[in-house]
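Worksheet: one structure, shown below.
The values are calculated or read from the model by the stated rules, or taken from the named source; none is laboratory data. Worth saying up front: this structure is predicted, and the values here are computed from it rather than measured. Neighbour counts are summed over all protein chains in view; Cβ atoms, including those assigned to glycine, are modelled from backbone coordinates with ideal geometry.
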Amino acid sequence: MASRYDRAITVFSPDGHLFQVEYAQEAVKKGSTAVSEQLRLTADARVVINRARVECQSHKLTVEDPVTVEYITRFIATLKQKYTQSNGRRPFGISALIVGFDDDGIPRLYQTDPSGTYHAWKANAIGRSAKTVREFLEKNYTEDAIANDNEAIKLAIRALLEVVQSGGKNIELAIIRRNQPLKMFSAKEIELQVTAIEKEKEEAEKKKSKKTA
């Protein structure tokens, strides 16, 4: 009986679940951990990105203004939601962190889920071990912690180090600034940041041990 609901994308199970959407959300949890202050089903991501790019271009040609970050987030969320209720289609197995600047210069961050919902955040994480990273951000995210680019970068790396093994070797990092292209950090730049963070952590532990002695 249950398998019938498993296969039916648009049919709710007796207890109110859409299993296909839940399977997509579980796939997201197994993806690479991503922080923004990535699930890599590449084909799904490519489809969503291409559709979003076309929508951005169409909007610009039609109204002569670029889309807002929330507008394109809502477009992506609506696209995902349609795929949860269309025969012959499965939900997209991706969540996305969408970051950008609007005309007011304020950075915006949104998350979309396979179900088609979206939310605004100040900092967030998706993918494997996202819960651990999110809890770290909830405890450590403050205005002082993002007072400048360097502090914000350190916070993101510290969050990833909660779940990433082998230090900076398994971390990819990028920063986006208004009216500037996306900057990808080199492995050496990330390793320097990791070394500085580890040194600060050691010094803090030494101070703590002296106080308790």
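More than 14 Å from the chain's Cα centre (by Cα) and under 24 Å from residue 51 (Cβ atoms), is that true of residue 79? Please lay out each step first, then the result.
On the way: more than 14 Å from the chain's Cα centre (by Cα): yes; under 24 Å from residue 51 (Cβ atoms): yes.
For residue 79, the condition - more than 14 Å from the chain's Cα centre (by Cα) and under 24 Å from residue 51 (Cβ atoms) - is met.
So which residues in segment 133-162 are surrounded by 14 or more Cβ atoms within 10 Å (Cβ to Cβ) and more than 19 Å from residue 195 (Cβ to Cβ), if there are any at all?
133, 134, 136, 137, 141, 145, 146
State all residues of segment 72-98 that are touching a Phe, Trp or Tyr at 6+ places or on another chain (Cβ under 8 Å) and either closer than 17 Å to residue 121 by Cα or among the hydroxyl-bearing types (Ser, Thr, Tyr) (or both); if no residue qualifies, say none.
Residues satisfying the conditions are 73, 74, 76, 77, 83, 97, 98.
Helices (runs of 4 or more DSSP H) wholly in segment 1-117 with at least 3 residues that are modelled with pLDDT of 95 or more - which ones?
Details: elements: 2-7, 19-29, 42-63, 69-82.
Of the helices (runs of 4 or more DSSP H) lying wholly inside segment 1-117, those with at least 3 residues that are modelled with pLDDT of 95 or more span 42-63, 69-82.
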